Amino acid sequence: MQTNDKKGLSRREFLRRLGLGGVAVVGSSAVSCSSDLVTGNKTGNGLVGGGTMTYRTTPTTGDRVSLLGYGCMRWPQVDPTDRNSPMDQEQVNRLVDYAIEHGVNYFDTAPVYGRGLSERVTGIALKRHPREKYFIATKLSNMRDFSREGALAMYRKSFEELQVDYIDYYLLHSIGGGDGIPTVKKRFFDNGVLEFLLKEREAGRIRNLGFSYHGDVKAFDYLLSLHDQIRWDFVQIQLNYVDWKHAGRRNTNADYLYAELWKRGIPSVIMEPLLGGRLASLNEHLTQRLKERRPEESVASWAFRFAGSPEGVLTVLSGMTYLEHLEDNIRTYSPLEPCSEAELTLLEDTAQRYLRYPLIGCTDCLYCMPCPYGLDIPGIFKHYNKCINEGNVSATSGDADYRRTRRAFLVGYDRAVPRLRQAAHCIGCRECVAHCPQSIDIPAQLRKIDAYVEDLRQGKEF
Amino acid sequence: MNRYRKLRTVAALLLFVAIVLLFLDFTGVTHAYLGWLAEVQLLPALLALNVWVVGVLIVLTLLFGRLYCSVICPLGVMQDIVARLGRKAKRNRYGYSKAKTLLRVVVLVLFGVLLALGLTSWAALIAPYSAFGRIATNLLQPLWMWGNNLLAMGAEWMDSYAFYRVEVLWRGAISLVVALVTLFVVGLLAWKHGRTWCNTICPVGTLLGFFARFSWLRPVIDRSKCNGCGLCARNCKAACINPKEHTIDMSRCVVCFDCLDSCRQGAIRYVPRRKQQPETASKEQPEAGVSRRTFLAVAATVAVTGVAEAKRKKVDGGVAAIVAKEAPARKREIVPAGAHSVRHLTQHCTACQLCISACPNRVLKPSNGLMRLMQPTISYVDGYCRPECTRCSEVCPTGAIQLITREEKSSISIGHAVWVKKNCLAASEGVQCDNCARHCPAGAITMVQAESYERAIPTIDTERCIGCGACEYLCPARPFSAIYVEGNDEHRQL
């Protein structure tokens, strides 16, 4: 491990001096280093800002995959304000052209994406390029229909829609949903679908077989335990600097998922590097701290660099609707400059603070009211969100304007909500939880706010 | 106005405004700067065994006479202000009266006996500084707060955080009545007779009077110049000038220097003791303007009369009504950290209520106990003793609540929590609740899933409990909390 680290570092240093760009370095010391993954830094196709795209090579097929992968879930629509509007094929073509021109060669779609239109639109756009220029990933989204026939029909339909005769990356879609392992068995084992897919791989119509995971970690562990028999070519996981160590109750920390894959030499395909876009715009204070380190780079670039830093990451998917985002992400990975230890520390710190200050998705609908203990739940959330938006929530007690924000928060709190109705009085009876249409864990949020208020009142350093 | 009087007036007004501010300030901003004003008061200094202050005050008196009474004592200055208004109504209203030495000594002795018996709060009924403190806390601070709340309303309207609303709390009938009676009696005496209170009742006045007899500097009547008009006596608040004998009773004189001005012959001079023959001095130009302006400024500051009620938050239909908390019947009352024990507090506290006016957490209230009348006691009905706050210990001038740091406070146990099962929502109604455990700053409460209970119930490690009352205040059971604090006989270090 240590020797490898040193090697990586010195090599990176060397390459940097040559101006060729970065080679991935293990992002976390938590992972062991037994992989036969090859990381590469060869000349890419295009240039944005002068660099070349970083590529990673798969161990089983030797594919050179661009570190930036194109997520095809959010293709632009003709009328962006209308959720039922058709895809803007012309714009999709432009985006795909631009991406390929600048070295992006991995396109990830699924039969269910974009109201079922994504595969076709993606296929049309990609058809305009030589087949060997790109890799296509799509999935078996048999989440409702567990029948073998249904699954096979879906599989064959993807070839049609994408207008291809082989699929580079095929995924069992969303492992861990439903009730975990039993659902996995019903979807892929009991009906023989997995067996079928393995044969398809042998036949070459599937070049790489993997699965994507969300939710119950037992299902993830179960499929990995079968690695010796199945030989997963890759696995798609949710990874970003928040989920790395703070995925929360309903998900699994990415450091665990990644380490499990790395241990077995399975490349990770990353989804949600931006946490649904939320890590692209942080609050003023967190943004400022990142900008102090890298003034000219976007907030999103940090999340991409984090996701791309671990060596075992094959590609990082981003659902880019706008050309500017595509450009920015290409710039970030052309080439990737892996996060330094100091930067990883900063991002972990940012994650902790982010978790402390995300806006609460309360719409003030008042369904939770009346709270039997007299709390003004929407009033508390409204005040908290207002303070975040107005920059009256300090990231640290060392902030220059901490005294001002502290006063604004506390004085405003007493103004907005009478003391007896403030978060300190939430007993956690959870009667409100079922009523919230936004699925906000109201008691948890109230406790978080209360803890912050308590820090402010006590003048604690944080 | 002669320069002595001018100096005395300005100094007195400055100190008076400052000490009034000290009592009015609920934000704690001024405590660091003005706290010493309470500490230099004689009785608090005596109770705190503050040798330095007592020594300096005695030396001051031996040098200049009872300057303490006319400059430092807020009740004295308050009387001067009232008396001045009285003199506006009727000029030359005072006259010489004989010293009521017997009464004074008896009162002083009684006062000493009460102190020795530990009935400090009863003795303190006539102690000047604490009497003033009660007036300030019970009568002035509410006005100040209402005024503040008006400003806070304006600030809120303008989206400013410069002022914040505070709840004007009812501090109990006894303190209010005592403050009102004190104000009325002292005020009436001052209006009619000037410094009668100070020269008959006030134990501090009597005590300092002993020393003032021997003061080095003193006002002296030059018999050669005096024409016996008696104007000086009729303008003497202390009624201590005997114009016929040409003598001034220094045990009663508060060295206000009014007589120096009232004498048209220039016969009275403030000179060292043996220097009986006054020298001819340059004429002083009377300058009434300065002190009047100062006075008006003071009056304006003191009488901040925000009359309007503070705007109450309207309770809208969407929230449940909240029943007010009621204090449980405690076996032992709770006193703040730094007070050591109820006994220590009782013996040292003059019930000036500076701590009560300074308490930002609405925890300290005047006691109604017979032995501890109007001294501070703790109630967790309106708040709890928050971990970051040590204000009462910072402002206490008598050492009744001794200075502690935040860190020390976190390890001083002033009481211990007691669980009342029948009130507990988790135990009796099966409601999921851990609010006491969650807020315990000492980590003394643990939720335990005990047998025969549907939900986890709070358990208390009394060895870790500091008695801050967070659990009692934040307990959802109303009006009586399911967990409350019982005072510790002696505070202990954890």
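The values are calculated or read from the model by the stated rules, or taken from the named source; none is laboratory data. As the structure is a prediction and not an experimental result, all values here were calculated from the model. Note that each Cβ is placed from the backbone with ideal geometry, even for glycine, and that neighbours are counted across all protein chains shown.
Here is how the numbers come out for the structure above:
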item: Any helices (runs of 4 or more DSSP H) falling wholly within region B:1-116 and containing at least 2 residues that are surrounded by fewer than 14 Cβ atoms within 10 Å (Cβ to Cβ) and of a type in the set (Gly, Ala, Ser); result: B:101-116
item: Residue that is away from chain A (no Cβ under 14 Å), assigned to a loop (DSSP other than H, G, I, E, B), out of contact with any Cys (no Cβ under 9 Å at 6 or more places or on another chain) and farther than 22 Å from B:GLU394 by Cβ, where the choices are B:GLU486, B:GLU454, B:GLU490, B:GLU463; result: B:GLU463
item: Residues (hydrophobic (A, V, I, L, M, F, W, C), farther than 21 Å from A:ALA424 by Cα and modelled with pLDDT of 80 or more) located in region A:343-390; result: A:LEU344, A:LEU346, A:LEU347, A:ALA351
item: Helices (runs of 4 or more DSSP H) completely within region A:314-414 that count 3 or more residues being under 22 Å from A:GLN238 (Cα atoms); result: A:323-332, A:341-356
item: A:ILE440 being modelled with pLDDT under 90, part of a helix (DSSP H, G or I) and not basic (Lys, Arg); result: no
item: Residue selected from region B:150-183 under the condition more than 25 Å from the chain's Cα centre (by Cα) and acidic (Asp, Glu), by the criterion surrounded by the most Cβ atoms within 10 Å (Cβ to Cβ); result: B:GLU156
item: Complete set of residues in region A:224-250 that are surrounded by 19 or more Cβ atoms within 10 Å (Cβ to Cβ) and part of a loop (DSSP other than H, G, I, E, B); result: A:TRP232, A:ASP233, A:LEU239, A:ASN240, A:TYR241, A:VAL242, A:ALA247
item: Region B:429-442, residues that are surrounded by fewer than 22 Cβ atoms within 10 Å (Cβ to Cβ) and either within 12 Å of another protein chain (Cβ to nearest Cβ) or within 9 Å of B:ALA477 (Cβ to Cβ) (or both); result: B:GLU429, B:GLY430, B:VAL431, B:GLN432, B:ASP434, B:ALA437, B:ARG438, B:HIS439, B:PRO441
item: Residue match in region B:170-178 (condition: of a type outside the set (Gly, Ala, Ser), over 26 Å from B:LYS98 (Cβ atoms) and within 14 Å of chain A (Cβ to nearest Cβ)); result: no
item: B:CYS389 assigned to a helix (DSSP H, G or I), within 14 Å of chain A (Cβ to nearest Cβ) and not acidic (Asp, Glu); result: no
item: In region A:427-440, the residues that are crowded, with 17+ Cβ neighbours inside 10 Å and either of a type in the set (A, V, I, L, M) or away from every other protein chain (no Cβ under 11 Å) (or both); result: A:ILE427, A:CYS432, A:CYS436, A:ILE440
item: Pair list, Cβ under 9 Å, 6 or more apart: region B:173-184 residue closer than 14 Å to B:PRO128 by Cβ, other residue surrounded by fewer than 17 Cβ atoms within 10 Å (Cβ to Cβ); result: B:ALA179/B:LEU139; B:LEU183/B:LEU139
item: Among the candidates A:ALA395, A:ALA416, A:ALA424, A:ALA451, residue that is among the small types (Gly, Ala, Ser) and more than 10 Å from chain B (Cβ to nearest Cβ); result: A:ALA395
item: In region B:140-149, residue nearest to B:LEU21 (Cα to Cα) [restricted to those that are aliphatic (A, V, I, L, M) and surrounded by 18 or more Cβ atoms within 10 Å (Cβ to Cβ)]; result: B:LEU140
item: Residue under evaluation B:ALA299, criteria (1) at pLDDT 90 or above; (2) out of contact with any Cys (no Cβ under 7 Å at 6 or more places or on another chain); (3) more than 14 Å from chain A (Cβ to nearest Cβ), criterion not met; result: (1)
item: Qualifying residue in region B:225-247 (condition: assigned to a strand (DSSP E or B) and touching a residue at least 40 places away in the same chain (Cβ under 8 Å)); result: yes
item: Selection count where residues are farther than 14 Å from A:HIS102 by Cβ, in contact (Cβ under 8 Å) with a residue 60 or more places away in the chain and of a type outside the set (Gly, Ala, Ser), scope region A:293-335; result: 12
item: Matching residues in region A:135-149 - criterion: being free of Cβ contacts under 8 Å to residues at least 60 places away in the same chain and charged (D, E, K, R); result: A:ARG144, A:ASP145, A:ARG148, A:GLU149
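Here's the yes/no breakdown for (1) touching a strand residue (DSSP E or B) at 6+ places or on another chain (Cβ under 7 Å); (2) under 29 Å from B:ARG492 (Cβ atoms):
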residue	(1), (2)
B:VAL431	no, no
B:ASN435	no, yes
B:GLY443	no, yes
B:MET447	yes, yes
B:GLU451	no, no
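For every residue, the table says whether it meets (1) within 24 Å of A:GLY398 (Cα to Cα); (2) buried (at least 19 other Cβ atoms within 10 Å of the Cβ).
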site: A:LYS263; (1), (2): no, no
site: A:LEU275; (1), (2): no, no
site: A:VAL316; (1), (2): no, yes
site: A:GLU327; (1), (2): no, no
site: A:THR345; (1), (2): yes, no
site: A:GLN352; (1), (2): yes, no
